[in-house]
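Enquirer: Let me give you the structure first, and then I'll get to my questions.
The values are calculated or read from the model by the stated rules, or taken from the named source; none is laboratory data. Keep in mind that what you see is a predicted model, and the values were worked out from it rather than measured. Counting neighbours? That spans all protein chains shown, and the Cβs are built from the backbone with ideal geometry, glycine included.
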């Protein structure tokens, strides 16, 4: 029987097959490191007197904690500063390459890896961050891991893993104009639920997926974790090869030819079987937004907040009631009537150059609604430079937005970019959990297009709702 | 890691589903560089509510958490496990766990047992009928017992063995150091490396 893409990549990384109920031992091609989930792992190495086995397969960046204004000044928050300084001293001590604040390749770890050409098809990629699933867009097996596993990979460049089940997510047909990769993945998560992918590696397939750019594919794979999946993957193709070619760490010459020959074998065989399959039709999808406190609680923008009274099952009704109470929303409210205080454009989900271009195209020549603030935070310093070279910074500044430096920023509010209690955001990030963007903050997950249109009107909107620019 | 065979402690009924790791420990507490001392951060936002279960007297010293479906979703932060452990929890029982959280728990000696939804309901009722009741969790027989109620739970065979032996993963893997070296010798030359540093372009 044939094998799926995930099974092929798995098999090519098995150092040792487990016996009996033991896990397989898999080799790791690339280990991405950041300041939040690594200090205790480096400490563990020190205590055991172990080196980093493969510093040449490890790279670090500063992203979660870093300020997005005044980056040339010392970090004001003492605990944040200590954590960043700890990463710097650990990388120096163990010989790990680090892209620090101020470096052109500093930025969100999942933006930096692909941009440097370090993420390539058919690799195993791990990072102490759940959105590592992003790198699956290249046909890599990419997983978020905890700090104990970070230490394990630093020490051994391997991970013991039990095989996953596989699920095909097929999106047939074409997306309508105005429907983006973000809308597709929000619709998928609403369909299968936040636990629907638990125990699975998802493979996104079908015409609508093939038609996406690499950045759109990264947006899709990025949020696989929000469906509970361990990873998400898309088979590499000409779009993938063209994206990788010429990047700083891309293979060249004979290595490039050998790489493409291998990468071209990385697709699910026709006679392979998935353990589960979900099918969506591209034409049926439209801009999608969340109303609740997990990423599965979403509806089309044209829809309304669900009415808990219409839900029969006790547990489901209580879960909706609880979410609506936190979100300060009444069942039945049209999504387009919901007023927004802050628009956040950024994150590892939607902080890449195409996202910024799409948002800038919507706001160009307009003024933001007086009632709200707009934060635009590029995913990496290089994305920021690129945007500035294209004049996007001027477009956002003229619109009334704040143009910030790169980092995770308000996606998780570890730095000063946070929502206040009761403040409501339309955010291009990935999680609308209670308090995610600041204690008491209320988050609606949206695409960059919806974020931009919302910033114009002040209520959840799509570009189709806007009057033409005079 | 400490060996785990049987644990007996106060059961805490947490009647919530989708308890994500941002609820277990909010991001502001992740700035610390230590591996211990996270007990104050556990469920930090919810603990502001005087009626939250851990603020009720009989449950304060709880060590067996019984939660709803999809416990530990979201962020990979192992700090969530450290916070539960530092507070005093040794066991979490739920119908379904997020993969990364479950993996992290196994590395830190926190037992996560999968119990059917109907058995979780029975455990909740038993614990609420007699607040402060102890639960006996037996990893050998894979059962949890409250008074005369005994329910089975599932745990991966390999994780169970590691917990019962108290074994550290890294030392287990380093037994196969030669296999890693052999594998690395066969790694294709086209695969990328982060070092030596590129010359500035």
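Enquirer: Does the range A:386-394 include one or more residues that are more than 14 Å from chain B (Cβ to nearest Cβ), closer than 29 Å to residue A:220 by Cβ, in contact with a strand residue (DSSP E or B) (Cβ under 7 Å, 6 or more places away or on another chain) and surrounded by fewer than 21 Cβ atoms within 10 Å (Cβ to Cβ)?
Expert: Looking for residues that are more than 14 Å from chain B (Cβ to nearest Cβ), closer than 29 Å to residue A:220 by Cβ, in contact with a strand residue (DSSP E or B) (Cβ under 7 Å, 6 or more places away or on another chain) and surrounded by fewer than 21 Cβ atoms within 10 Å (Cβ to Cβ), one finds at least one in the range A:386-394, hence yes.
Enquirer: On to the next question. From the residues in the range A:146-162 that are touching a helix residue (DSSP H, G or I) at 6+ places or on another chain (Cβ under 7 Å) and not in a helix (DSSP H, G or I), which one is nearest to residue B:34 (Cα to Cα)?
Expert: If we take residues in the range A:146-162 being touching a helix residue (DSSP H, G or I) at 6+ places or on another chain (Cβ under 7 Å) and not in a helix (DSSP H, G or I), then A:146 is nearest to residue B:34 (Cα to Cα).
Enquirer: Residue A:137 passes all but one of (1) more than 28 Å from residue A:259 (Cα to Cα); (2) crowded, with 24+ Cβ neighbours inside 10 Å; (3) more than 8 Å from every other protein chain (Cβ to nearest Cβ); which number fails?
Expert: The single condition residue A:137 does not satisfy is (1).
Rundown of residues vs (1) more than 18 Å from the chain's Cα centre (by Cα); (2) modelled with pLDDT of 95 or more; (3) away from chain A (no Cβ under 13 Å), yes/no style:
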{"residue": "B:55", "(1), (2), (3)": "yes, yes, yes"}
{"residue": "B:66", "(1), (2), (3)": "no, yes, yes"}
{"residue": "B:96", "(1), (2), (3)": "no, yes, no"}
{"residue": "B:103", "(1), (2), (3)": "no, yes, no"}
{"residue": "B:110", "(1), (2), (3)": "no, yes, no"}
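Enquirer: For the range A:48-62, which residues satisfy the criterion of being without any contact (Cβ under 8 Å) to a residue 60 or more places away in the chain, surrounded by fewer than 24 Cβ atoms within 10 Å (Cβ to Cβ) and either touching a strand residue (DSSP E or B) at 6+ places or on another chain (Cβ under 8 Å) or at the interface with chain B (Cβ under 8 Å from one of its Cβ atoms) (or both)?
Expert: A:55, A:56
Enquirer: While we're here: For the range B:81-94, name all the residues that are more than 9 Å from chain A (Cβ to nearest Cβ) and in contact with a helix residue (DSSP H, G or I) (Cβ under 8 Å, 6 or more places away or on another chain).
Expert: Of everything in the range B:81-94, those that are more than 9 Å from chain A (Cβ to nearest Cβ) and in contact with a helix residue (DSSP H, G or I) (Cβ under 8 Å, 6 or more places away or on another chain) turn out to be B:83, B:84, B:86, B:87, B:88, B:92, B:93, B:94.
Enquirer: Within the range B:189-200, can you find the residues that are modelled with pLDDT under 95 and at the interface with chain A (Cβ under 7 Å from one of its Cβ atoms)?
Expert: B:189, B:195, B:197, B:198
Enquirer: Related question: Looking at (1) touching a residue at least 24 places away in the same chain (Cβ under 8 Å); (2) within 21 Å of the chain's Cα centre (by Cα), which is the one condition that is false for residue A:95?
Expert: Only one criterion is unmet by residue A:95, namely (2).
Enquirer: Let me spell it out: the conditions are (1) crowded, with 20+ Cβ neighbours inside 10 Å; (2) part of a helix (DSSP H, G or I); (3) at the interface with another protein chain (Cβ under 9 Å from one of its Cβ atoms), and residue A:43 meets all of them except one. Which number is the exception?
Expert: Unmet for residue A:43, out of (1) crowded, with 20+ Cβ neighbours inside 10 Å; (2) part of a helix (DSSP H, G or I); (3) at the interface with another protein chain (Cβ under 9 Å from one of its Cβ atoms): (1).
Enquirer: For residues in the range A:22-40 being in a strand (DSSP E or B) and under 23 Å from the mean Cα position of the chain (by Cα), which is nearest to the other protein chains (Cβ to nearest Cβ)?
Expert: Among those residues, the one meeting the criterion is A:30.
Enquirer: State the number of residues belonging to the range A:193-213 that are crowded, with 20+ Cβ neighbours inside 10 Å and under 18 Å from residue A:240 (Cβ atoms).
Expert: 8
Enquirer: Which of (1) surrounded by fewer than 23 Cβ atoms within 10 Å (Cβ to Cβ); (2) part of a helix (DSSP H, G or I); (3) more than 14 Å from chain B (Cβ to nearest Cβ) does residue A:190 not meet, given it meets every other one?
Expert: Residue A:190 satisfies every listed condition except (3).
Enquirer: So, one more: I need the strands (runs of 3 or more DSSP E) fully contained in the range A:274-339, keeping only those with at least 3 residues that are at pLDDT 95 or above and either touching a helix residue (DSSP H, G or I) at 6+ places or on another chain (Cβ under 8 Å) or crowded, with 16+ Cβ neighbours inside 10 Å (or both).
Expert: Filter on the range A:274-339 gives A:288-290, A:298-300.
Enquirer: Tally time: how many residues in the range B:33-49 are touching a residue at least 40 places away in the same chain (Cβ under 8 Å), at the interface with another protein chain (Cβ under 9 Å from one of its Cβ atoms) and more than 16 Å from the chain's Cα centre (by Cα)?
Expert: Looking only at that region, the number is 0.
Enquirer: Also: Could you pull out the residue among A:215, A:226 that is in a helix (DSSP H, G or I) and closer than 23 Å to residue B:70 by Cα?
Expert: Result: A:226 is the single residue among A:215, A:226 that is in a helix (DSSP H, G or I) and closer than 23 Å to residue B:70 by Cα.
Enquirer: Test of understanding: among B:149, B:127, B:111, which residue is farther than 26 Å from residue A:224 by Cα and buried (at least 21 other Cβ atoms within 10 Å of the Cβ)?
Expert: Selected residue: B:127, the only one of B:149, B:127, B:111 that is farther than 26 Å from residue A:224 by Cα and buried (at least 21 other Cβ atoms within 10 Å of the Cβ).
Enquirer: Please determine whether any residue of the range B:69-77 is out of contact with any helix residue (DSSP H, G or I) (no Cβ under 9 Å at 6 or more places or on another chain) and at pLDDT 95 or above.
Expert: Looking through the range B:69-77, at least one residue is out of contact with any helix residue (DSSP H, G or I) (no Cβ under 9 Å at 6 or more places or on another chain) and at pLDDT 95 or above.
Enquirer: Of all residues being assigned to a helix (DSSP H, G or I) and more than 14 Å from every other protein chain (Cβ to nearest Cβ) in the range B:126-179, which is farthest from residue B:67 (Cα to Cα)? Just the residue, please.
Expert: Looking at residues that are assigned to a helix (DSSP H, G or I) and more than 14 Å from every other protein chain (Cβ to nearest Cβ), I get B:129.
Residues are listed down the side, and each one gets a yes or a no for (1) more than 9 Å from chain B (Cβ to nearest Cβ); (2) crowded, with 16+ Cβ neighbours inside 10 Å:
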position	(1), (2)
A:64	no, yes
A:67	yes, yes
A:81	yes, no
A:93	yes, no
A:96	no, yes
A:102	yes, no
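Conditions (1) surrounded by fewer than 22 Cβ atoms within 10 Å (Cβ to Cβ); (2) in contact with a helix residue (DSSP H, G or I) (Cβ under 7 Å, 6 or more places away or on another chain), marked per residue:
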{"residue": "A:407", "(1), (2)": "no, no"}
{"residue": "A:412", "(1), (2)": "no, yes"}
{"residue": "A:423", "(1), (2)": "yes, no"}
{"residue": "A:429", "(1), (2)": "no, yes"}
{"residue": "A:435", "(1), (2)": "no, yes"}
{"residue": "A:441", "(1), (2)": "no, no"}
{"residue": "A:454", "(1), (2)": "no, no"}
{"residue": "A:457", "(1), (2)": "yes, yes"}
{"residue": "A:461", "(1), (2)": "no, yes"}
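Enquirer: Only one of (1) over 15 Å from the mean Cα position of the chain (by Cα); (2) surrounded by 24 or more Cβ atoms within 10 Å (Cβ to Cβ); (3) over 19 Å from residue A:7 (Cβ atoms) fails for residue A:169. Which number is that?
Expert: With (1) over 15 Å from the mean Cα position of the chain (by Cα); (2) surrounded by 24 or more Cβ atoms within 10 Å (Cβ to Cβ); (3) over 19 Å from residue A:7 (Cβ atoms) applied to residue A:169, the lone miss is (3).
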